[in-house]
1. Within segment B:180-192, identify whether any single residue is closer than 21 Å to B:GLY312 by Cα, within 14 Å of another protein chain (Cβ to nearest Cβ), of a type in the set (A, V, I, L, M, F, W, C) and in a helix (DSSP H, G or I), and answer yes or no.
2. Scan segment B:141-165 and report the pairs whose first residue is within 14 Å of chain A (Cβ to nearest Cβ) and whose second residue is crowded, with 20+ Cβ neighbours inside 10 Å and hydrophobic (A, V, I, L, M, F, W, C), with Cβ atoms within less than 6 Å and a gap of 6+ or a chain change.
3. Could we say that A:ALA174 is at pLDDT below 95 and surrounded by 24 or more Cβ atoms within 10 Å (Cβ to Cβ) here?
4. Could you please tell me which pairs satisfy a Cβ distance under 6 Å, a separation of 6+ or placement on different chains, a first residue in segment A:46-69 that is touching a residue at least 12 places away in the same chain (Cβ under 8 Å), and a second residue that is among the basic types (Lys, Arg)?
5. What are the residue pairs meeting all of these: first residue in segment B:13-26, first residue more than 7 Å from chain A (Cβ to nearest Cβ), second residue of a type in the set (Gly, Ala, Ser) and part of a loop (DSSP other than H, G, I, E, B), Cβ atoms under 6 Å, and 6 or more apart or on different chains?
6. Of the conditions (1) in contact (Cβ under 8 Å) with a residue 60 or more places away in the chain; (2) of a type in the set (Lys, Arg); (3) surrounded by fewer than 20 Cβ atoms within 10 Å (Cβ to Cβ), B:ARG57 clears all except one; give me its number.
7. If you check every pair at least six apart or on different chains, which have Cβ atoms under 9 Å apart with a residue in segment B:372-390 that is in the same structural domain as B:ALA356 (by TED's automatic domain parsing) and among the acidic types (Asp, Glu) first and a residue that is assigned to a strand (DSSP E or B) and buried (at least 22 other Cβ atoms within 10 Å of the Cβ) second?
8. Which condition number does B:TRP317 fail, the rest of (1) part of a strand (DSSP E or B); (2) surrounded by fewer than 24 Cβ atoms within 10 Å (Cβ to Cβ); (3) aromatic (Phe, Trp, Tyr) being met?
Amino acid sequence: MTRIDELFTTTRAAGRAALVGYLPVGFPDVPTSIAAMIAMIDGGVDLVEVGVPYTDPGIDGPVIQVAVDLALRAGTRVAHVFEAVEQVSAHAPAVVMGYWNPIEKLTPKVFAQRLKDAGGSGAITPDLIPEEAGPWLDAALQHDLDPIFLVAPSSTDARLDVVGRTNRGFVYAASTMGVTGTRDTVSNRAEELVARMRQHTTLPVGVGLGVSNGAQAAEVAGYADAVIVGSAFVRALQDGGADAVRRLAEDLSEGVRRKA
Amino acid sequence: MTALPDAAGHWGPYGGRFVPEALIAALDQLAEEHERALHDEAFLAELDDLQRNYAGRPTPLTEAKRFGAAIGARVFLKREDLAHTGSHKINNVLGQALLTKRMGKTRVIAETGAGQHGVATATAAALFGFECTVYMGEEDTRRQALNVARMQLLGAEVIPVTTGTQTLKDATNEAFRDWVANVETTHYAIGSVVGPHPFPMLVRDFQRIIGVEARGQILERIGRLPDAAIACVGGGSNAMGLFHRFITDAEVQLIGCEAGGDGIETGRHAAPLTIGSPGVLHGARSYLMQDDDGQTLDTHSISAGLDYPGVGPEHAWLRDEHRAVYRGVTDTDAMAALELLARTEGILCAIESAHAFAGAQQWAAENGPDKVIVISCSGRGDKDVDTAARWFSLL
């Protein structure tokens, strides 16, 4: 049983959704980003997505694009990601959120080894589909890391089944067809997607893309096992530093316990 | 070797699909539609009619006698510069526009570097009545301002991309983001043999007419195959179009000319097949310019159309199999070849294509006289007059 399995056992017993927060390493600099991740946990985040900055973030909207661009220009390296995981995982379970090429470049085997050594629990790979993931699945499972894939409203039942059979930890359901970023309303396609996904897995299903406040978190917590928040945390860090990150986490944390 | 890719779009380790799950359904739909279309007589007849009576195919094979004499070889030019819109890009776009119609989609989007693919897409959108949005790096909108105006005149919306390096790579990222959000109504008409399966295969299939025609024309003209077929390579669509029909002709050397920029040794270039390493970018595994962390490196070329850190996966495969060879051609050598071609043949080619002419010049010098070379003259140089005039200090 991984730390992620334990987390969802706890939240399910408590009758609430888990709160998952994302921040990229190195924005605005490495120490501040790590401090903000820990502030997120202080505010009530249950699981941290430690973002690997990448030059070509194809599924990210403007907020995260600008942040990772700054992180890379400031000299952030993949090695810093493992430092962040090591520090963050002392406080809460941590997974990395990373596009595929930096993992492939390091090699799946070495990446998995270093992630495990740093205390990481798994990796979300937004541009890797199970069919292309062979070497990564071998490496992740060998180190007892959870490989986490995305599903989308456009995913056919056959594809949900592939993810259901391959994925570990929790399934990441993209609420909408689009890129990351805060939205006024969370797409109603998310609830239908979660229901369809549950026919193919007993794993927890988290919903991301578009959630930015406690009310939206409560709404998503009504049907999902985890509420995933990214761009809103990046914006909070940009506007108000670690304190703002903590306050946002508190608001969202209250939301996942309330349920709409 | 020509039977590849496999069903999932792989040439050995290259190709495949490295994209968000949200796009998989659309890629499956496109792959199915393409497969059906290739066996549908009505589709093929409609495409053939468009190629002949709209785009102006077959394009001529011109013997470049004075240029050939200057470089010491017998040279034939496959005149894609004479196709409608001024480059080979129209071949691919007409095919994808027909597929768009068959899929019931009403909007097309595209990325463009030099603007040639953007112009071709805007042209097809006007012809078919599609809404059209073209993403172009802001730096490229400046150096290819004429093509921006052409696209706008054709009714397309041109969106300058200000992220990253503001060139073709970033325009491609932005087009993918648009596609994820609008995939139900929108087709992303990728302009080269890059991207997730089925794009590298599909674009190749629509471009291979270049080599099919050239092979027939050279046999008819001189009764034998050429010693070499040479083309410039950015993403690699005109090169793959020229090469594909010749792959099984072992006696024909296939030579791709990448952008050597300031020189391969300076690091300021766009030559992933010459000096890059395998990696994943824009949905497929291929050769790539990347650092030790797998981050994409900045590129440089005088040619906006070749200024791209990746390359099509089939080229990566041909390289590893030693069926094609790739070389870097510097800005300086390309511009000298552009001038030589203009002054010996009265043909002002695109700066992209000039890399192939410079590569041919080098290959002829290395391989002795009396060789026969077919060069893809992939585009005309009207769009580059400003850049060339500055290069030669005429402005």
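The values are calculated or read from the model by the stated rules, or taken from the named source; none is laboratory data. As the structure is a computational prediction, the values presented were derived from the model and not from experiment. Here the Cβ positions follow ideal geometry from the backbone for every residue, glycine too, while neighbour counts run over all protein chains shown.
1. Taking every residue of segment B:180-192 in turn, none turns out to be closer than 21 Å to B:GLY312 by Cα, within 14 Å of another protein chain (Cβ to nearest Cβ), of a type in the set (A, V, I, L, M, F, W, C) and in a helix (DSSP H, G or I).
2. Here the result reads B:VAL161/B:ALA171, each pair linking segment B:141-165 to a residue that is crowded, with 20+ Cβ neighbours inside 10 Å and hydrophobic (A, V, I, L, M, F, W, C).
3. Numbers: at pLDDT below 95: yes; surrounded by 24 or more Cβ atoms within 10 Å (Cβ to Cβ): yes.
So A:ALA174 fits the description; yes.
4. A:VAL63/A:ARG235
5. As it stands, the answer is B:GLY15/B:GLY9, since those pairs meet every condition given.
6. Failed condition: (3).
7. From segment B:372-390, the pairs are B:ASP384/B:CYS349.
8. Among (1) part of a strand (DSSP E or B); (2) surrounded by fewer than 24 Cβ atoms within 10 Å (Cβ to Cβ); (3) aromatic (Phe, Trp, Tyr), B:TRP317 violates only (1).
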